[in-house]
Amino acid sequence: MGWVRVAAAVAARPALWPTALRQMRRTAAPGWYRRAPFLPVPSGDYLRFRLITQYGDALHRPEPADVVNYLAWCRQWDGDFR
């Protein structure tokens, strides 16, 4: 259910859609198109690492506000280098 809430939070902010797509592409596991679920999602190891560094627990569900803040930061960071 955590990822559904995250997706809804991002969907409600169209200004972040390009950044979300760019981050999906950047963090997608190599060869994602050869393995189910055939979506450009990060590897499980990367997600576990990010959850541990953010929440101290690999099983913690992502907080929608944290993901939105991260994407806003990425958007600003990318804008600084264009």
Subset of segment 67-82 that is loosely packed, with under 14 Cβ neighbours inside 10 Å and among the aromatic types (F, W, Y) - its residue that is modelled with the highest pLDDT
W73
Can you tell me which residue is nearest to the chain's Cα centre (by Cα) among those in segment 60-82 that are of a type outside the set (K, R), under 26 Å from A12 (Cβ atoms) and not in a helix (DSSP H, G or I)?
P62
Among the numbered criteria (1) farther than 19 Å from A72 by Cβ; (2) at pLDDT below 90, which one does W3 miss?
(1)
Exactly one condition in (1) surrounded by fewer than 14 Cβ atoms within 10 Å (Cβ to Cβ); (2) touching a Lys or Arg at 6+ places or on another chain (Cβ under 7 Å) is false for A8; which is it?
(2)
Verdict on P64 being at pLDDT 95 or above and either out of contact with any helix residue (DSSP H, G or I) (no Cβ under 8 Å at 6 or more places or on another chain) or not β-branched (V, I, T) (or both):
yes
Answer yes if at least one residue in segment 19-39 is hydrophobic (A, V, I, L, M, F, W, C) and at positive phi, and no otherwise.
yes
Under 11 Å from the mean Cα position of the chain (by Cα), modelled with pLDDT of 90 or more, surrounded by 13 or more Cβ atoms within 10 Å (Cβ to Cβ) and among the charged types (D, E, K, R): does that describe R26?
no
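The values are calculated or read from the model by the stated rules, or taken from the named source; none is laboratory data. Since the structure is predicted, the reported quantities are computational estimates derived from the model, not experimental observations. Neighbour counts are summed over all protein chains in view; Cβ atoms, including those assigned to glycine, are modelled from backbone coordinates with ideal geometry.
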